1. Tell me which strands (runs of 3 or more DSSP E) are completely within segment 84-185 and hold 2 or more residues being under 20 Å from F206 (Cα atoms) and in contact with a Lys or Arg (Cβ under 9 Å, 6 or more places away or on another chain), or say none if there are none.
2. Would you be able to tell me the number of residues in segment 213-231 that are within 12 Å of the ligand (Cβ to nearest atom) and surrounded by 12 or more Cβ atoms within 10 Å (Cβ to Cβ)?
3. Out of segment 63-84, which residues are small (G, A, S) and under 19 Å from F191 (Cβ atoms)?
4. Could you list, in sequence order, the residues of segment 85-101 that are out of contact with any Asp or Glu (no Cβ under 6 Å at 6 or more places or on another chain) and either within 11 Å of the ligand (Cβ to nearest atom) or more than 23 Å from D188 (Cα to Cα) (or both)?
5. Which one of E144, E113 is acidic (D, E), over 27 Å from F246 (Cβ atoms), within 15 Å of the ligand (Cβ to nearest atom) and open to solvent by 30 Å² or more (accessible area, probe 1.4 Å)?
6. Give the number of residues within segment 27-45 that are farther than 30 Å from P168 by Cβ, open to solvent by 70 Å² or more (accessible area, probe 1.4 Å) and out of contact with any Leu (no Cβ under 6 Å at 6 or more places or on another chain).
7. Restricting attention to segment 55-76, and to residues there that are in a loop (DSSP other than H, G, I, E, B) and in contact with a strand residue (DSSP E or B) (Cβ under 7 Å, 6 or more places away or on another chain), which single residue is surrounded by the most Cβ atoms within 10 Å (Cβ to Cβ)?
8. Residues of segment 123-141 being under 20 Å from the mean Cα position of the chain (by Cα), more than 11 Å from the ligand (Cβ to nearest atom) and open to solvent by less than 80 Å² (accessible area, probe 1.4 Å), which ones?
Amino acid sequence: MPLPRVEYGLDGSLRRAPRSEEEQDFPREELGLAPVAVAAWGPFVFANAGPDPEPLESALGSMPAQIAELGLVVDELVFHTRWEAEIEANWKIVSENFLECYHCQVAHPAFAEVIDVSAEAYSLASDGRLSSQRGPVRADVTLEGELQRSQFHFLWPNLGVNIFAGHPNISIGPIVPLTPDRTYRFLDYFFGPDVGAAWIDDLMAFDTQVGIEDRALVEGVHRGMASGVFEHGVLMGHSEQLIGHFQQLTAAALA
Ligand SMILES: [Fe+2]
């Protein structure tokens, strides 16, 4: 005979709790699961467990419009694979690394061969919680595929969205603090339904290399900051403006 179990309805309401019938005035109606707001943008499902959830459309800001303008149709994307990593660095260092490409010319030589990372061509913009980087394909490079510009979006506090120039692609995922000196990340890779396997393999290899380069950078920065020698730095007014934006939002949330 099965053991009596707690049962919830599909709407989250408590339907049954063993022995509750023996309780006087058992408040069954008040003991449902906590409601969570859920909404989708293309294949991406977002949940908000807060008491007063902001509508997803407003939370995403101009990101969907920028991505549509690039020519990427998110509704057509097909899930490919999930990449996961734990990084020996504070999540804010990982996020700040995402938010500037000042390091790209030196740290990501293969990336900088394809994308024009010069201050004149590589655009940085922030709007509310959204930080957006848009890097065109270099004028001397011919790249197959309909997307001739990369876009990298960061939705404060911790969502990264990457689109590389080329065929339809996107990778999306959070930067999750584990401890003050460890961070978990995943990126879910999606591609257009007609993108060939060879191109996908090339892009994954390319992005894996960029990821290896960034891991070395952020773990080195973390070791340096954890040494206690470092008091504060200086942000480059143009090239590191999105880090300033991130720090303002973070400081305001902590205040
Ligand atoms: Fe990087």
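The values are calculated or read from the model by the stated rules, or taken from the named source; none is laboratory data. Just so it is clear, the structure is predicted and the values come from calculations on it, not from any experiment. Methodologically, a virtual Cβ is constructed for each residue, glycine included, from the backbone with ideal geometry; neighbour enumeration extends over all protein chains shown. With ligands, DNA and RNA removed, areas are computed over all heavy atoms of the protein, side chains included. Shrake-Rupley method; radii C 1.70, N 1.55, O 1.52, S 1.80 Å.
1. Details: elements: 123-127, 130-136, 149-155, 159-163, 169-179.
The qualifying strands (runs of 3 or more DSSP E) are 130-136, 149-155, 159-163.
2. Filtering segment 213-231 down to residues within 12 Å of the ligand (Cβ to nearest atom) leaves 213-218, 221.
Those left that are additionally surrounded by 12 or more Cβ atoms within 10 Å (Cβ to Cβ): 213-215, 217-218, 221.
Qualifying residue count, segment 213-231: 6.
3. Initial filter on segment 63-84 (small (G, A, S)): 65, 68, 71.
Across segment 63-84, the qualifying residues are A68, G71.
4. Those that are out of contact with any Asp or Glu (no Cβ under 6 Å at 6 or more places or on another chain) and either within 11 Å of the ligand (Cβ to nearest atom) or more than 23 Å from D188 (Cα to Cα) (or both): V94, E96, F98, L99, C101.
5. Details: E144 fails: within 15 Å of the ligand (Cβ to nearest atom).
It is E113.
6. Selection size over segment 27-45: 6.
7. Start the filter on segment 55-76 by keeping residues that are in a loop (DSSP other than H, G, I, E, B), which leaves 55, 61-62, 71-73.
With in contact with a strand residue (DSSP E or B) (Cβ under 7 Å, 6 or more places away or on another chain) added as a condition, the list becomes 61-62, 71-72.
Working: G61: 18, S62: 14, G71: 12, L72: 22.
Restricting to residues being in a loop (DSSP other than H, G, I, E, B) and in contact with a strand residue (DSSP E or B) (Cβ under 7 Å, 6 or more places away or on another chain), the top hit is L72.
8. Of all residues in segment 123-141, those under 20 Å from the mean Cα position of the chain (by Cα) come to 123-135.
Going one step further and asking which of them are more than 11 Å from the ligand (Cβ to nearest atom), we end up with 123-132, 134-135.
Those that are under 20 Å from the mean Cα position of the chain (by Cα), more than 11 Å from the ligand (Cβ to nearest atom) and open to solvent by less than 80 Å² (accessible area, probe 1.4 Å): S123, L124, A125, S126, G128, L130, S131, S132, R134, G135.
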